[in-house]
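What follows is a short report on a single structure.
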Amino acid sequence: MKNLALLPLLLLSLAAHADEREWHPYKKLVEDLRLDKFYALPAAERDKVNLYLTIKPQNKNIKPSEVVLTVVHGSERQQLPALSPDYRMAFVPNPKWMTDDTKILTSLPKEEKSKVDYDATTPLPEGLQWNYAPVMSSVGQMNQAIKKMAGALSMFAPSVKVVVFKFNHPAQLKVGSAVFNTDAKNQIKLKPDSALLKENPLMVASERPFEAELDSE
């Protein structure tokens, strides 16, 4: 998700190569990105959104597998989930770790910095066809969630505008009688249409997208 952090993007210095060192306080990371606010929403207000923490080193030569983060809470140590190939992590705040003395350690060199943000996708039903409204209403649901996450800063909060359907090959997506073709990146970007949200036609894909990302453009 591009430029959708509720606060300025965190640019964090990642420390230590051979030895782990402190990277960031766990509670502060969660609160700065408002992840606690998102998961505090009723399930029905976030059921169309999958939220991921993204940690992307400025050094493009650093592979996701090299970014190892470990939570230290008292005598407890627990490694956070490994980053996916696109530097994403499924990250649900642990209430037990929301204390001032819970730290996150990293495995990367001290001079390396990473941009910390989040991405959002919408889950697609199984198969190659789905109704329009449940999928495309994810844009509105995400925008409402962003406003509630931002609280008093909601007037400055960014917004989601499109669902980006990502395919492994050139593909087509039929929405009612309209047909959309993938671009050079094998993607189809669709903005929700109020009339179609009411009509709720079928969306039929020539092949299954591997992801439907919520984005600002």
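The values are calculated or read from the model by the stated rules, or taken from the named source; none is laboratory data. Treat the numbers as computed from the prediction; the structure is a model and nothing was measured. In case anyone asks, the SASA skips ligands and DNA or RNA and just uses the protein heavy atoms, side chains included. Shrake-Rupley method; radii C 1.70, N 1.55, O 1.52, S 1.80 Å.
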Stretch Ser194-Ser159 to full length: gain in nm at 0.36 nm per residue minus the Cα-Cα span?
10.9 nm
Cα centroid distance between the stretch 139-209 and the stretch 31-95, in Å?
24
The stretch 21-120: equivalent-ellipsoid semi-axes (sqrt of 5 x gyration tensor eigenvalues, Cα, Å)
22, 18, 11
In sequence order, calculated HN-Hα J values of the stretch 158-167 (Karplus, 6.51, -1.76, 1.60; Hz; x Gly/Pro)
x, 9, 8, 10, 9, 9, 9, 8, 10, 10
Carbon and sulfur together cover what percent of the accessible area of the stretch 129-215 at a 1.4 Å probe radius?
53
Going through the cross-link list Lys96/Lys166; Lys147/Lys174; Lys56/Lys189; Lys110/Lys161, which pairs have a Cα-Cα distance over 29 Å in this structure?
Lys96/Lys166; Lys147/Lys174; Lys110/Lys161
Could you tell me how many degrees, from 0 to 90 and to the nearest 10, lie between the Cα long axis of helix 138-150 and the main elongation axis, the longest principal axis, of the Cα atoms of the chain?
30
Expected 222 nm ellipticity per residue - DSSP helices of 4 or more, -39500 (n - 2.57), all of the chain, to 500:
-4500 deg cm²/dmol
Accessible area (Å², per residue) of the stretch 129-215, counting only protein heavy atoms and a probe of 1.4 Å:
51
The set of residues whose placed amide H lies less than 5 Å from the amide H of Gln172, leaving out same-chain residues fewer than 5 positions away, is Ser206, Glu207
Once the mean 1/r over all distinct Cα pairs of the stretch 155-197 is inverted, what Kirkwood radius in angstroms do you read off?
11.9
According to the Cα gyration tensor, what semi-axes, each the square root of 5 times an eigenvalue, does the equivalent ellipsoid of the stretch 129-215 have, listed from largest to smallest in whole Å?
26, 15, 9
How much accessible area per residue does the stretch 40-115 have, counting only protein heavy atoms and a probe of 1.4 Å, in square angstrom?
56
